[in-house]
1. Here are Leu37, Leu48, Leu74: which of them is open to solvent by 60 Å² or more (accessible area, probe 1.4 Å), within 22 Å of Lys115 (Cβ to Cβ) and of a type in the set (A, V, I, L, M)?
2. For segment 33-103, which helices (runs of 4 or more DSSP H) that fit wholly inside it have 3 or more residues that are in contact with a Lys or Arg (Cβ under 7 Å, 6 or more places away or on another chain)?
3. On the basis of being closer than 24 Å to Ser103 by Cβ, open to solvent by 70 Å² or more (accessible area, probe 1.4 Å), free of Cβ contacts under 8 Å to residues at least 40 places away in the same chain and basic (Lys, Arg), does Lys27 make the cut?
4. Take Lys14 and tell me if it is open to solvent by less than 70 Å² (accessible area, probe 1.4 Å), charged (D, E, K, R) and within 16 Å of Phe120 (Cα to Cα).
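The values are calculated or read from the model by the stated rules, or taken from the named source; none is laboratory data. The shown structure was predicted, so the numbers you read here are calculated from the model rather than taken from an experiment. Every residue, glycine as well, gets a Cβ built from its backbone with ideal geometry; the counts of neighbours run over all protein chains shown. Remember, those area values only see protein heavy atoms, side chains included, never the ligands or the DNA or RNA. Shrake-Rupley method; radii C 1.70, N 1.55, O 1.52, S 1.80 Å.
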Amino acid sequence: MLKSEHPEDISSLKDFLTIVPSREKIKQILITAINQLIDTEPQKIYWLFKNPTYLQPEIDIKIIVTQKLNEKLLAWEFKPEDIHFNENGNLEFNAAAKDRLMSTNYSSDNYAVLKLVQLFLTEEI
């Protein structure tokens, strides 16, 4: 249901999750789903990132996505000063980091994360 870009589907999922006995468990279920989608469905994550209210108050998608992308980019040996999210939630790289990102071949395991980064970068233009 998180793959859907229809607010009513997300609302239905949240309604269904009310059977889970604890708010913390609901939060963990949603975070796990988001983390899996980051690695498989970059366009859906980007849409959710741009429409964060659909997952509130249970989770703050912007925090989850920025943390996960930071982890991935740091694992790719970018430095914290190379990357940041601006006040509008757009991912920004310094010029050298952006050039490196676009010129390096990443494994197919990293394709979804790279695609997600590119979605953020396209908006910057």
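1. Values: Leu37 fails: open to solvent by 60 Å² or more (accessible area, probe 1.4 Å); Leu48 fails: open to solvent by 60 Å² or more (accessible area, probe 1.4 Å).
The unique qualifying residue is Leu74.
2. 42-50
3. On the way: closer than 24 Å to Ser103 by Cβ: no; open to solvent by 70 Å² or more (accessible area, probe 1.4 Å): yes; free of Cβ contacts under 8 Å to residues at least 40 places away in the same chain: yes; basic (Lys, Arg): yes.
So Lys27 fails the test.
4. Working: open to solvent by less than 70 Å² (accessible area, probe 1.4 Å): yes; charged (D, E, K, R): yes; within 16 Å of Phe120 (Cα to Cα): no.
In short, no.
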